[in-house]
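J.: Before I ask anything, let me first share the structure, which is written out below as structure tokens.
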Amino acid sequence: MNQILSTKKKEKKKSNKILFKFQFVISIMIIAILLIFIFYYFLSLQKKEKLSKKIIGNYNIYKLYHNYSQEDMKNSENKPENELFGVLEIPKINIYYPIFSHLNEELLKTSPCKFFGKSPDVNGNICIAGHNYNNSMFFSNLSLLKREDKIYIYDNLENKYIYSVFNCYEVNESDLSPIFNYNPSSKELTLVTCNNTNQNRIIIKARQ
């Protein structure tokens, strides 16, 4: 009887060892897959960042050989989709990116995009959207901005426009009020990105 019980215990231990080894191998495989996914995710972000920086370099060269007029700036809606509207700089959060004149999903993966408004030298509201890559560039640190922080836009005529932040808040992702709520007699700027923790939109409002 004792021999039978001893045999069963050995078989149970052997079975438990096999199960443990199987679980261990599965766990290692899952961790490896997650690490590979994370690696390629951050590699993708770095490529987007490098591409954005490369666009800045090409943009500066392009301006040397292209004669923009003030009328070109005002008629930005007639530009090709991949035309650059200018450059956005926010020293406090180390942002310096080209701005595309139009918004679509592919351009938005590359750099911030203007999706509403005309030129910084006319009254109205310029709205710029950028992806939130959770501290890996673009608008991930937008929520750190406070009132009176400075935002700069450089247009294709080398003009520099200085904006001062006057409001920072969040809205539901379907709320379009930040686009249309502005003083028509002032020159305003609205920056928009996602809050990845609650799916709201982070809104930064600034005024020249």
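J.: Among the residues of segment 197-208, which ones are surrounded by 15 or more Cβ atoms within 10 Å (Cβ to Cβ) and assigned to a loop (DSSP other than H, G, I, E, B)?
T.: Across segment 197-208, the qualifying residues are 200, 208.
J.: Looking at segment 173-196 only, could you name the residues that are exposed (fewer than 15 other Cβ atoms within 10 Å of the Cβ) and more than 20 Å from residue 108 (Cα to Cα)?
T.: 177, 180, 181, 183, 184, 185, 186
J.: What are the residues in segment 97-117 that are assigned to a loop (DSSP other than H, G, I, E, B) and within 11 Å of residue 189 (Cα to Cα), if any?
T.: Scanning segment 97-117 gives a single hit, 117.
J.: Does segment 151-161 contain at least one residue that is assigned to a strand (DSSP E or B), among the β-branched types (Val, Ile, Thr) and at pLDDT 95 or above?
T.: Looking through segment 151-161, at least one residue is assigned to a strand (DSSP E or B), among the β-branched types (Val, Ile, Thr) and at pLDDT 95 or above.
J.: Related question: Report yes if some residue within segment 121-132 is surrounded by 20 or more Cβ atoms within 10 Å (Cβ to Cβ), in contact with a Lys or Arg (Cβ under 6 Å, 6 or more places away or on another chain) and modelled with pLDDT of 90 or more; otherwise report no.
T.: Yes, because at least one residue in segment 121-132 is surrounded by 20 or more Cβ atoms within 10 Å (Cβ to Cβ), in contact with a Lys or Arg (Cβ under 6 Å, 6 or more places away or on another chain) and modelled with pLDDT of 90 or more.
The values are calculated or read from the model by the stated rules, or taken from the named source; none is laboratory data. From a predicted model like this one, the values you see are computed outputs, not experimental measurements. With ideal geometry, Cβ positions are generated from the backbone for all residues, glycine too; neighbour counts draw on all protein chains shown.
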